[in-house]
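Chemist: Handing you a structure now.
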Amino acid sequence: MSEGTEKFDQCIIHGKELDYYCPRHDEVICEACIESKHEGCRNLIDVDQISKDADLSELSDIKQAAADMEENIESFLKDQRENRTQLDEQKNNIASDIKHFRDKINDHLDRLQQDLMDDLSETHTKLAAQIEETIKDLENKKSKLASLIINFDYITEEDKSPTNFIIAKKVKKELTRLTKPITVLLHGLKHSNLEFDASTEAELMVLEIESFGAIAISEKSSSLQLSSKNEDLKLNLNPARNIAEMKLKVKTDIRIKNKAQLSVQKCIILPSNQFLFVDEKNERLVIHDQDGSHHHDISVSSKPFDVVVIDPRRVAVTYGRGRQLEILDITKHKCDRIIKTANDCWGISHRDGNLFVVVYRKGIEVISIAGQLIAVIPINVDHVFYISLHADKIYYTDWAENTVNCCDFNGDELWCYGYDNVVSEQGIATDAEGNVFVVGYRTNNVMVTSPDGRRYKVLLSGESDGLNWPTGLFYDAQGDRLLICNETDGYAALYDIE
């Protein structure tokens, strides 16, 4: 038997023979496992006994699931490699456009041209590195899957030996373990493009212009879909979370750099994996590094409320009663564009180059990055301060009604629920499956609801979990993590979702 299969004969934790089967956990275990993890499990069955009557009819399903996942990885690998090649072509085309644009104006713009070319190279390098890293990750997962598939040569449905049973169960468990991170990664993949946004006013303001334009990144979800040749596979390629079993585990404690008094309304994780906090009281954005240490502050024009990432260098910030939002370049600490709104503007989200903004007495306004009003989604937002988008749905919290609401992009309500032990709902976020995370401001807790709102669970509660007037939370799809912040005491925490 190959080295790849031998590890399934022994417990990878204790190195002992796998002599028992636990029906409760559907797991083959050793004697040491009984004491460490399965002490309360009843009806443990001897492997020699159960293997004689075991039904391994699902083996073909397991093989098909592995083959489907291998095919999915290969498809996404091809897509990412093509995207990487396109980036080089786009870089060359944009470089040509920049030079042509430069030829129309006088020598005064030589320095600005070089600045923009450097920006292009830097942006291209960062994007290319990110895609290369994704490719490496996919290739690594493909390699692990291939190593697992080798074991199919040693097991059959007809073989009733203990070894065959053990390997089949271990292969299934290992494949299930590999499936979740692979699925999360594939769902989170974006197709990145370089774009050149030339200034149309450059020729009229040669001496006043400060920039040729900008190297922009447009992202759209890949058109590829996860495929499965057998829809009745017993091994689910995209297993849904069971919110009843969901838990949060603190990964990083963060102490937001204090001033006299804080009023933190929102937190997000930047593409750089740094944490950004919106401090309304002190009119600033606060940046902390991955280890929780303070990095720097960015002063803003007024009292900020909500923020959303547009691309690796830009965010959009709303200013509540200031009746405007700004596109900020956080790498250069400057405002790229100011967009005025008719009324107070609060919660904000972003998708495919458009901003979804809660505008008091108006609804949710869809505004392009350039500031053009595209549409208004007509819902009552008089007491709505936070929103989140998932698929074709909009989720939002209503402060006065103490409800979590869901509507479509036409504003038609799909569901609305109130939860007795969660009051004054504030920040809201959705994961890759549409589960909804909400903070209860007055009840000092965090809950998760199912995509249809019918099932829910309180994940954190009270000061024992660090919650003291919590306001903002952010779901990070790449890391399957949740960032949560309090309003006034400067405490925030990054949680792994288990």
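Chemist: So how many residues does the range 376-393 have that are under 15 Å from VAL359 (Cα atoms) and of a type outside the set (S, T, N, Q)?
Modeler: 11
Chemist: Being within 25 Å of THR125 (Cβ to Cβ) and either part of a loop (DSSP other than H, G, I, E, B) or among the acidic types (Asp, Glu) (or both) is the filter here; which residues of the range 301-336 pass it?
Modeler: Of everything in the range 301-336, those that are within 25 Å of THR125 (Cβ to Cβ) and either part of a loop (DSSP other than H, G, I, E, B) or among the acidic types (Asp, Glu) (or both) turn out to be ASP311, PRO312, ARG313, ASP329, ILE330, THR331, LYS332, HIS333, ASP336.
Chemist: Can I ask one more? If you scan the range 331-345, which residues turn out to be surrounded by fewer than 22 Cβ atoms within 10 Å (Cβ to Cβ) and under 24 Å from ILE287 (Cα atoms)?
Modeler: Listed by number, the residues that qualify are THR331, LYS332, HIS333, LYS334, CYS335, ASP336, ARG337, ILE338, ILE339.
Chemist: Right, next: Confirm whether PHE101 is part of a helix (DSSP H, G or I), closer than 30 Å to HIS187 by Cα and aromatic (Phe, Trp, Tyr).
Modeler: no
Chemist: Name the residues in the range 312-341 that are of a type outside the set (Lys, Arg) and under 27 Å from ALA128 (Cβ atoms), would you?
Modeler: Passing the criteria: PRO312, VAL315, ALA316, ILE327, LEU328, ASP329, ILE330, THR331, HIS333, ASP336.
Chemist: Only residues that are within 35 Å of the chain's Cα centre (by Cα), modelled with pLDDT under 80 and aliphatic (A, V, I, L, M): list them for the range 16-61, please.
Modeler: LEU59
Chemist: Among (1) open to solvent by 20 Å² or more (accessible area, probe 1.4 Å); (2) under 19 Å from GLY472 (Cα atoms); (3) in contact with a strand residue (DSSP E or B) (Cβ under 8 Å, 6 or more places away or on another chain), there is one condition CYS267 misses while meeting the rest; what is its number?
Modeler: Answer for CYS267: the failing condition is (1).
Chemist: Only one of ARG314, ARG323 is modelled with pLDDT of 95 or more, out of contact with any Leu (no Cβ under 9 Å at 6 or more places or on another chain) and surrounded by 15 or more Cβ atoms within 10 Å (Cβ to Cβ); which? Let's see the steps before the verdict.
Modeler: Values: ARG314 fails: out of contact with any Leu (no Cβ under 9 Å at 6 or more places or on another chain).
Just one listed residue meets the conditions, ARG323.
Chemist: List the pairs whose first member sits in the range 28-47 and is assigned to a loop (DSSP other than H, G, I, E, B), whose second member is among the β-branched types (Val, Ile, Thr) and open to solvent by less than 40 Å² (accessible area, probe 1.4 Å), and whose Cβ atoms are under 8 Å apart, counting only residues at least 6 apart or on separate chains?
Modeler: What qualifies is LYS37/ILE29; HIS38/ILE29; LEU44/ILE29.
Chemist: Another one. Can you tell me how many residues within the range 453-475 are within 27 Å of LYS190 (Cβ to Cβ) and either surrounded by fewer than 19 Cβ atoms within 10 Å (Cβ to Cβ) or in contact with a Cys (Cβ under 9 Å, 6 or more places away or on another chain) (or both)?
Modeler: 3
Chemist: A follow-up question, please. If you check ILE150 against the conditions, is it farther than 30 Å from ALA214 by Cβ, of a type outside the set (Gly, Ala, Ser), touching a residue at least 24 places away in the same chain (Cβ under 8 Å) and open to solvent by 60 Å² or more (accessible area, probe 1.4 Å)?
Modeler: So ILE150 fits the description; yes.
Chemist: Kindly indicate whether ALA391 is within 24 Å of the chain's Cα centre (by Cα), modelled with pLDDT under 95 and either over 22 Å from LYS303 (Cα atoms) or small (Gly, Ala, Ser) (or both). Quick ask: steps written out before the conclusion?
Modeler: Values: within 24 Å of the chain's Cα centre (by Cα): yes; modelled with pLDDT under 95: yes; either over 22 Å from LYS303 (Cα atoms) or small (Gly, Ala, Ser) (or both): yes.
In short, yes.
Chemist: When you look at ILE339, is it in a strand (DSSP E or B) and either hydroxyl-bearing (Ser, Thr, Tyr) or under 20 Å from CYS485 (Cβ atoms) (or both), yes or no? Give the derivation first.
Modeler: Numbers: in a strand (DSSP E or B): yes; either hydroxyl-bearing (Ser, Thr, Tyr) or under 20 Å from CYS485 (Cβ atoms) (or both): no.
No: the conditions fail for ILE339.
Chemist: Continuing with the same structure: Going by the structure shown, is TYR360 more than 26 Å from ALA129 (Cα to Cα), aromatic (Phe, Trp, Tyr) and open to solvent by 30 Å² or more (accessible area, probe 1.4 Å)?
Modeler: yes
Chemist: On to the next question. Residue check, GLN130 against (1) modelled with pLDDT of 80 or more; (2) open to solvent by less than 80 Å² (accessible area, probe 1.4 Å); (3) not hydroxyl-bearing (Ser, Thr, Tyr), all met but one. Which one?
Modeler: Every listed condition holds for GLN130 apart from (2).
Chemist: Can you give me the number of residues within the range 114-127 that are surrounded by 16 or more Cβ atoms within 10 Å (Cβ to Cβ), more than 20 Å from the chain's Cα centre (by Cα) and either at pLDDT below 90 or not in a helix (DSSP H, G or I) (or both)?
Modeler: 5
Chemist: Scanning for something in contact with a helix residue (DSSP H, G or I) (Cβ under 9 Å, 6 or more places away or on another chain), free of Cβ contacts under 8 Å to residues at least 40 places away in the same chain and either among the β-branched types (Val, Ile, Thr) or open to solvent by less than 20 Å² (accessible area, probe 1.4 Å) (or both), does the range 390-413 turn up at least one residue? Talk me through it step by step, then tell me what you get.
Modeler: Applying the first criterion (in contact with a helix residue (DSSP H, G or I) (Cβ under 9 Å, 6 or more places away or on another chain)) to the range 390-413 yields none.
Looking through the range 390-413, none of the residues is in contact with a helix residue (DSSP H, G or I) (Cβ under 9 Å, 6 or more places away or on another chain), free of Cβ contacts under 8 Å to residues at least 40 places away in the same chain and either among the β-branched types (Val, Ile, Thr) or open to solvent by less than 20 Å² (accessible area, probe 1.4 Å) (or both).
Chemist: Report yes if THR85 is under 21 Å from PRO312 (Cα atoms), touching a residue at least 40 places away in the same chain (Cβ under 8 Å) and assigned to a helix (DSSP H, G or I), otherwise no.
Modeler: No: the conditions fail for THR85.
Chemist: How do the pairs read when you match residues in the range 270-286 that are on the phi > 0 side of the Ramachandran plot with residues anywhere that are among the basic types (Lys, Arg), using Cβ under 8 Å and keeping only pairs 6 or more apart or on different chains?
Modeler: What qualifies is GLU283/LYS303.
Chemist: Would you check which residues across the range 342-371 are free of Cβ contacts under 8 Å to residues at least 40 places away in the same chain and part of a loop (DSSP other than H, G, I, E, B) and list them?
Modeler: Within the range 342-371, ALA342, ASN343, ASP344, TYR360, ARG361, LYS362, ALA370, GLY371 meet the criteria.
The values are calculated or read from the model by the stated rules, or taken from the named source; none is laboratory data. Computed from a predicted structure; not experimentally measured. Backbone-built Cβ (ideal geometry, glycine too); neighbour counts: all protein chains shown. The accessibility values were calculated without ligands, DNA or RNA, using every heavy atom of the protein model including side chains. Shrake-Rupley method; radii C 1.70, N 1.55, O 1.52, S 1.80 Å.
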